[in-house]
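> Questions regarding the structure given below will be posed in turn.
The values are calculated or read from the model by the stated rules, or taken from the named source; none is laboratory data. All figures in this text were calculated on a predicted structure; none of them were measured in a lab. In this analysis, Cβ positions are derived from the backbone assuming ideal geometry, glycine residues included, and neighbour counts consider all displayed protein chains. With ligands, DNA and RNA removed, areas are computed over all heavy atoms of the protein, side chains included. Shrake-Rupley method; radii C 1.70, N 1.55, O 1.52, S 1.80 Å.
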Amino acid sequence: MANAGMVGLDWQQRINWDRLRKYRLDRARARMKAAGLGAMLLMYDENVRYVTSTLTPGWNRLKPGLRYAMLCGDDAPVLFEQGDIGMQIERHSPWIPKDHVRWSYAWIKGAAGPASLAQVKKFTNAVKQEMKKANVAGMKLGVDFIDINMLKVFGEEKIEWTDGMTPMMEARAIKNEDEQEALRMVGAIGDAAHWEFMKFLQPGRTENQLTAHIMQYLYSVPGMEDVEDVIVSSGPNTWPNWRNFSDRIVKPGDIVFMDLAALTWNGYKSCYYRTYCAGKEPTNEQKDIYATALKWLYDSIKAVKVGTTTREIASKWPSAKEAWGYAEEDQAAANLWGHGLGLAQYDQPVISRIWSLDHPIEIKEGMVFALETQHGKKFEWGVRIEEMLIVHKDKIEIISNFPVEQITVVDPMPGYSTLAGR
């Protein structure tokens, strides 16, 4: 469909949200059964969204247990919503049967000590009741989150629990046509945000002013749910890449990069770096370093195809010792990196020399992920670039389209370039 538009229309087929919801639920159920599970208890936002197609509000994120869901056997998903918010779910999400909306029993980041244990006992009783209703009592329960209180009470109640995150990541890894179109939209919004950043960047502005401007711009986009982070780093903050922003003032000739990590449009997330130079042409050394990072990036992109593995992709990158003289790969974590994109910013596959060489994952049609590389001079400047792509049967579709062939120079003043190495 290639970025047909943001809103639903009667005269043009765009994202088919009903088809998307059914696809996600069917995949989750299939992977649950393939893993030998009778039910899954899901507490992470992306997994709850995947099976119930309901939104976790910002204040509710990173607090597992405030809301959660269960998928039991062949039954419709059950949503445990916080307090009486479930009444709103009944209004807004008619695909969930009304008798499958419950209130949650929360304790994490709230109750502690005996109070938390009492809550977990109520929580566990509700889990057992749902499994009994679906005729899967006594079967294995997959969980995507566990804490010390759950371990105790699950043991007392003889609930046989196991890894439920792996089946969910396997389900989320393959995107159907509607999810792919949603991610094309994410890419198009990212293109626009980088264009806006290019126009707003100038010496004298601070990293946090630049971040705030792009945040404001993104929240004006229809369908924008959340902007998890906009990373703006400049000058010595760019290498090593601290993946943050501050009140540092951008100076003429500074290297600056911006990462959309992650804008969230209808649940689907971005990760999208570009590198800029403010007010002057970059030096020849900076251009050479950028060319190296760009080669690393496109060597890895060229290795992507159906049937290959993450080993072949990661092997296109130099080792941490070769690139930066580091003692081991973990010291360069996320420097040369790939990760799936979807309802989570780290869907499968996650690609790194740290583990992909020894534990490869097969690349499959319908995967959507980002590849990113970086390089630089310690505490002086660094570059980072990233592309988002969709894997098709016979080709790779890049969905990040802001120019990448060279450092983007913003308003260079004539007469200033590489004099005295500056």
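> Among the residues of segment 349-368, is there at least one that is more than 13 Å from the chain's Cα centre (by Cα) and at pLDDT below 95?
no
> Residues being of a type in the set (D, E) and outside any loop (DSSP other than H, G, I, E, B): count how many of those fall in segment 363-386.
Final tally of qualifying residues: 2.
> I would also like to ask the following. Looking at G58, G8 in this structure, which one is open to solvent by 60 Å² or more (accessible area, probe 1.4 Å), modelled with pLDDT under 95, within 21 Å of W265 (Cβ to Cβ) and not β-branched (V, I, T)?
Details: G58 fails: open to solvent by 60 Å² or more (accessible area, probe 1.4 Å).
Exactly one of G58, G8 is open to solvent by 60 Å² or more (accessible area, probe 1.4 Å), modelled with pLDDT under 95, within 21 Å of W265 (Cβ to Cβ) and not β-branched (V, I, T), namely G8.
> Residues in segment 235-248 that are buried (at least 21 other Cβ atoms within 10 Å of the Cβ) and either assigned to a helix (DSSP H, G or I) or acidic (D, E) (or both): how many?
2
> Same structure, new question: Report those strands (runs of 3 or more DSSP E) wholly inside segment 94-204 carrying at least 3 residues which are in contact (Cβ under 8 Å) with a residue 12 or more places away in the chain and over 28 Å from A262 (Cα atoms).
Values: elements: 101-103, 141-143, 161-163.
Correct list: 101-103.
> When segment 252-266 is examined, which residues are found to be crowded, with 24+ Cβ neighbours inside 10 Å, within 16 Å of N241 (Cβ to Cβ) and aliphatic (A, V, I, L, M)?
Answer for segment 252-266, where residues must be crowded, with 24+ Cβ neighbours inside 10 Å, within 16 Å of N241 (Cβ to Cβ) and aliphatic (A, V, I, L, M): I255, V256, M258, L260.
> Those residues that are surrounded by fewer than 19 Cβ atoms within 10 Å (Cβ to Cβ), at pLDDT below 95 and out of contact with any helix residue (DSSP H, G or I) (no Cβ under 6 Å at 6 or more places or on another chain), I need them from segment 104-125; list them, please.
K109, G110, A112, G113, P114, A115, A118 - these are the residues of segment 104-125 that are surrounded by fewer than 19 Cβ atoms within 10 Å (Cβ to Cβ), at pLDDT below 95 and out of contact with any helix residue (DSSP H, G or I) (no Cβ under 6 Å at 6 or more places or on another chain).
> Out of the residues in segment 335-356 that are without any contact (Cβ under 8 Å) to a residue 60 or more places away in the chain and open to solvent by less than 50 Å² (accessible area, probe 1.4 Å), which is farthest from D229 (Cα to Cα)?
At the first step, the residues of segment 335-356 found to be without any contact (Cβ under 8 Å) to a residue 60 or more places away in the chain are 336-338, 346, 350-356.
Restricting the remaining residues to those that are open to solvent by less than 50 Å² (accessible area, probe 1.4 Å) gives 336-338, 350-352, 354, 356.
Values: L336: 20, W337: 18, G338: 18, V350: 20, I351: 21, S352: 22, I354: 25, S356: 27 Å.
Only one residue fits best here, namely S356.
> Further question: Report whether or not D74 is exposed (fewer than 15 other Cβ atoms within 10 Å of the Cβ) and acidic (D, E).
Numbers: exposed (fewer than 15 other Cβ atoms within 10 Å of the Cβ): yes; acidic (D, E): yes.
Against the criterion (exposed (fewer than 15 other Cβ atoms within 10 Å of the Cβ) and acidic (D, E)), D74 qualifies.
The rows are residues; the columns are (1) buried (at least 16 other Cβ atoms within 10 Å of the Cβ); (2) aromatic (F, W, Y); (3) at pLDDT 95 or above.
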{"residue": "L201", "(1), (2), (3)": "yes, no, yes"}
{"residue": "Y219", "(1), (2), (3)": "no, yes, yes"}
{"residue": "P222", "(1), (2), (3)": "no, no, no"}
{"residue": "S233", "(1), (2), (3)": "yes, no, yes"}
{"residue": "K269", "(1), (2), (3)": "yes, no, yes"}
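> State which residue is nearest to A69 (Cα to Cα) when the search covers only segment 86-103 and only residues that are among the aliphatic types (A, V, I, L, M) and buried (at least 18 other Cβ atoms within 10 Å of the Cβ). Full working, then the answer.
First, pick out the residues of segment 86-103 that are among the aliphatic types (A, V, I, L, M): 87, 89, 96, 101.
Adding the requirement that they be buried (at least 18 other Cβ atoms within 10 Å of the Cβ) leaves 89, 96, 101.
Values: I89: 13, I96: 11, V101: 9 Å.
Only one residue tops the list, namely V101.
> If you take just the helices (runs of 4 or more DSSP H) that sit entirely in segment 279-362, which of them hold at least 3 residues that are among the charged types (D, E, K, R)?
284-302
> Restricting segment 271-290 to residues that are charged (D, E, K, R) and surrounded by 22 or more Cβ atoms within 10 Å (Cβ to Cβ), which is modelled with the lowest pLDDT? Before you say what the answer is, go through the steps one by one.
So the first thing to find is which residues in segment 271-290 are charged (D, E, K, R), and the list is 274, 280-281, 285, 287-288.
Among the residues that remain, those that are also surrounded by 22 or more Cβ atoms within 10 Å (Cβ to Cβ) are: 274, 280.
Values: R274: 98, K280: 93.
The extreme case among them is K280.
> If we scan segment 13-22, do we find a residue that is assigned to a loop (DSSP other than H, G, I, E, B) and of a type outside the set (S, T, N, Q)?
Pass one, segment 13-22, residues assigned to a loop (DSSP other than H, G, I, E, B): 13-16.
Filter once more, so that each one left must be of a type outside the set (S, T, N, Q): 14-15.
Yes, there is a match, as at least one residue in segment 13-22 is assigned to a loop (DSSP other than H, G, I, E, B) and of a type outside the set (S, T, N, Q).
> Would you call P414 more than 20 Å from the chain's Cα centre (by Cα), modelled with pLDDT under 95 and either of a type in the set (A, V, I, L, M, F, W, C) or surrounded by fewer than 22 Cβ atoms within 10 Å (Cβ to Cβ) (or both)? It would help to see each step written out before you state the result.
Details: more than 20 Å from the chain's Cα centre (by Cα): yes; modelled with pLDDT under 95: yes; either of a type in the set (A, V, I, L, M, F, W, C) or surrounded by fewer than 22 Cβ atoms within 10 Å (Cβ to Cβ) (or both): yes.
Taking the combined requirement at face value, the residue satisfies it.
> Is it the case that some residue within segment 15-32 is open to solvent by less than 30 Å² (accessible area, probe 1.4 Å) and under 21 Å from W161 (Cα atoms)? Give the steps one after another, and end with the answer.
Step one: list which residues in segment 15-32 are open to solvent by less than 30 Å² (accessible area, probe 1.4 Å), which gives 15, 20, 24, 28, 32.
With under 21 Å from W161 (Cα atoms) added as a condition, the list becomes 28, 32.
There is at least one residue in segment 15-32 that is open to solvent by less than 30 Å² (accessible area, probe 1.4 Å) and under 21 Å from W161 (Cα atoms).
> Sticking with this one: Does E196 satisfy the criteria of being of a type in the set (D, E), closer than 24 Å to G376 by Cβ and over 18 Å from the mean Cα position of the chain (by Cα)? Give the derivation first.
Values: of a type in the set (D, E): yes; closer than 24 Å to G376 by Cβ: no; over 18 Å from the mean Cα position of the chain (by Cα): yes.
No.
> Of the residues E160, E81, E130, E90, only one is modelled with pLDDT of 95 or more and over 14 Å from A39 (Cα atoms); which? Write out each step before concluding.
Values: E160 fails: over 14 Å from A39 (Cα atoms); E130 fails: over 14 Å from A39 (Cα atoms); E90 fails: modelled with pLDDT of 95 or more.
After applying the criteria, what remains is E81.
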